[in-house]
Amino acid sequence: MSRPPISRPIVIGLSAVVTAMRGGELQVLTVRPEDVRTHRASDLRGLPFGPFDPAADRTFELALRAFVTAQTGFRLGYVEQLYTFGDLGRDAPLADLGAVEADRGARMVSVGYLALTPEAEDGTEAAAAWRPWTRYFPWEDWRKGRPPVIEAQIAPALAAWAGANAERLGRARDLFALNGAGPWNEERVLDRYELLYEAGLAAEAARDRGRAEGVDLPEPSRFQDVFGRPMMSDHRRILATALGRLRGKLKYRPVVFELMPEAFTLYDLQQAVEAISGVRLHKQNFRRMVERIGLVEGLGRQRTETGGRPAELFRYRREAARGAMGLSLPLASEG
């Protein structure tokens, strides 16, 4: 008589991608918690995170809000669940709770959340810091045109990895718009990061593959910035998911206004949309589109921009947002 298989314990990790605008850039709130294995701060930054305790935590979201406040001193406002990663037997970034006590033989399930806030307030904890998303995905920023790093380093590295494999070459061409393969799809942030991970170009890949083979490798200390700054655990994967989700939602929900202050100029709004989407927009076409959808109204006063002409201030008409579409992206090259 065969014995039933021994089940592995399941540990659920919760992570938050907290975003805000600061200095015209989309910033993400990061932490450097102490690792229980080394008893010092993690070598890499990560997202606020922690384990879900079924006995003590009533809901995932309440537990997440408590983690974020405890680790950063920041209190969350708007929050939505992103995705649940529980891959087994797949070459993908691995969740790890090295900063908390956890059974090393446990099956990790990682649940990511997206939080938007209109102000990048500094937290009360020294380990917390805001960082621009571009340092983790430099190839995703097309506001000044096609990033040179794609042709100079990413394309050759992917070609060397793919070799004569047509499937790999096709994926690289499609995702990074290589060799005239088609337009850049800004929403496929996760697919591009996972391709770089699979190719061994993301610094987290060597760490995870070693750990999968039973070697408890530390976080990567050497890496090439052209392939983005690595993050602890699977946090860069979660951040990629959040950025792709946010880029997609721009077009069908007025979610960008969750990042705007009570009063803002149309330039502020355009800058926020460009910072999220990673593309440069046509100024006049963008303003005509914003006025057409009717989600903003003038406040009858102006703000004097530094070194520039006074600019009219607007507010978000939240009362008109029910059922409203998001914002289209009139690219600068279109007009």
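No value in this document is a laboratory result; all are computed from the given coordinates. Since we're looking at a predicted model, the values are computed, not measured. Positions of Cβ are generated from backbone atoms using ideal geometry, with glycine treated the same way; all protein chains shown enter the neighbour counts.
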Nearest 10, in degrees from 0 to 90: the angle of helix 283-293 to the longest Cα principal axis of the chain is 90
Reduced to Cα centres, the span from the stretch 13-66 to the stretch 154-182 in Å works out to 34
Computed about the Cα centre, the charge dipole of the stretch 133-272 from +1 Lys/Arg and -1 Asp/Glu charges at the Cβ has a magnitude in debye, to the nearest 20, of 220
Sorted on mean Cβ neighbours within 10 Å (highest first), peptides 212-223, 236-247 come out as 236-247, 212-223
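For a quick check: sort VAL296, VAL28 by the number of other beta carbons within 10 angstrom, fewest at the front.
On the way: VAL296 19, VAL28 25.
So the ranking, lowest neighbour count to highest, is VAL296, VAL28.
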Honestly the stretch 175-310 on the Cα gyration tensor test (a ≥ b ≥ c root eigenvalues; a/c under 1.5 rounded, otherwise a/b vs b/c for prolate or oblate) is just prolate
Given unit charges at Cβ for Lys, Arg (+) and Asp, Glu (-), the dipole magnitude of the stretch 252-334 about its Cα centre in debye, nearest 20, is 160
Connecting every pair of Cα atoms under 10 Å apart in the chain and solving the GNM, the largest mean-square fluctuation among GLY300, GLY13, GLY278 falls on GLY300
Ranked output for segments 143-155, 65-77 by mean other Cβ atoms within 10 Å, highest leading, reads 65-77, 143-155
Ranked by GNM mean-square fluctuation in the chain (Cα springs under 10 Å), the top entry among VAL189, VAL255, VAL18 is VAL255
